[in-house]
1. Starting from the Cα of Lys41, draw a straight line to each of the lysines and keep only those under 22 Å, dropping any in the same chain fewer than 8 residues away.
2. Which of these values of Kirkwood radius over Cα pairs in Å was calculated from the structure shown: [x] 18.5; [y] 25.1; [z] 19.3?
3. If the chain between Glu202 and Leu189 were fully stretched, how many nm would it gain, using 0.36 nm times the residue separation less the Cα-Cα distance?
4. Under a 5 Å amide H to amide H cut-off, with H placed in plane at 1.01 Å, what residues pair with Gly126 once short-range neighbours are removed?
5. Taking segment 76-117, which trypsin sites (Lys or Arg not before Pro) meet the DSSP loop condition and have no more than 12 other C-beta atoms within 10 Å?
6. Does anyone have the angle between helix 11-21 and the longest principal axis of the chain? Alpha-carbon axes, 0 to 90°, nearest 10?
7. What list of ³J(HN,Hα) couplings, whole Hz, do you get for segment 141-147 from phi and the Karplus terms 6.51, -1.76, 1.60, once you set θ to phi - 60° and write x for glycine and proline?
8. For every helix of n ≥ 4 consecutive DSSP H residues, a contribution of -39,500 (n - 2.57) applies; sum these over the chain, divide by its total residues, and give [θ] at 222 nm rounded to the nearest 500 deg cm²/dmol.
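A short reminder: the numbers here are calculations on the coordinates, not readings from a lab. Because the structure is predicted, anything quoted here is derived from the model rather than measured. Methodologically, a virtual Cβ is constructed for each residue, glycine included, from the backbone with ideal geometry; neighbour enumeration extends over all protein chains shown.
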Amino acid sequence: MLIEIPELLNSAQVEKIHELLAGASFVDGKLTAGMAAAKVKNNEELAMQPDLLQRLYRVVMASVGHNATFRNAALPAKVADFIFARYQPGMHYGDHVDDPIMGQGPKFRTDVSMTIFLNDPASYDGGELVIRTPFGDQQVKLPAGHAVVYPSASVHRVADVTRGERLVALTWIQSFVRDAAKRELLYELNESREHLLRADPESDVTKNVDRSYVNLLRMWADV
């Protein structure tokens with residue numbers, strides 16, 4: 001399931017991130033790649049600067065933690081610290097699957113990946129996030145502040161950047177529901193559930209759908 005999240009960050013937050021990153025040091029992205037990914041990864045990532053990273057995390061998480069679409073799609077149990085990556089002309093990231101287990105200290109399972117776009121798509125050429133799905137490749141290139149979530153097990157790549165700079169924030173989520181097909185069913189059921197709760201909260205249909213969603217989540221959740 002691939003879900004776009006419009007305006008996860010507002011324009012003021014995007015501007016603040018650019019302000020914080022102005023003049024910051026970036027390093028070879030291969031330093032954080034697994035053995036297979038390192039062979040196809042060609043980008044740069046923000047160097048480990050704890051004070052700067054903490055300020056960036058506060059800006060991003062102020063919105064992520066409160067976004068209903070993110071919560072309903074990812075059902076997050078754990079959210080990794082964000083990585084800030086940039087692609088300049090000639091850079092790309094070939095086909096890969098995200099590492100199944102991450103974390104420098106406590107480990108977590110990667111069920112859901114999220115990319116937040118931080119630059120105006122008109123300011124750079126190429127740089128599409130290309131995700132392989134059962135219905136063919138889907139290309140994603142969104143306005144600044146918009147995000148996309150998708151299963152970490154998906155084969156995906158970043159197309160060559162040929163002009164300008166692609167800047168993104170990336171994170172990985174361990175979901176309470178590890179199975180992607182079950183998460184998709186729950187997301188779709190919850191969309192209907194919330195519509196019914198707004199439109200006719202006292203009807204038997206609404207109560208049945210609400211109960212079904214809650215009990216399926218109870219059945220499938222790992223805590």
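1. Result set, ordered by chain and number: Lys30, Lys141.
2. So the calculated entry is the one marked [x].
3. Working: separation 13, 0.36 × 13 = 4.68 nm, distance 1.78 nm.
Computed gain between Glu202 and Leu189 is 2.9 nm.
4. Here Thr162 satisfy the definition.
5. Filter output for segment 76-117: Lys107.
6. The angle comes out near 40 degrees.
7. Whole-Hz 3J(HN,Hα) from phi for segment 141-147: 8, 10, x, 4, x, 8, 9.
8. Mean residue ellipticity at 222 nm (helix-derived): -10500 deg cm²/dmol.
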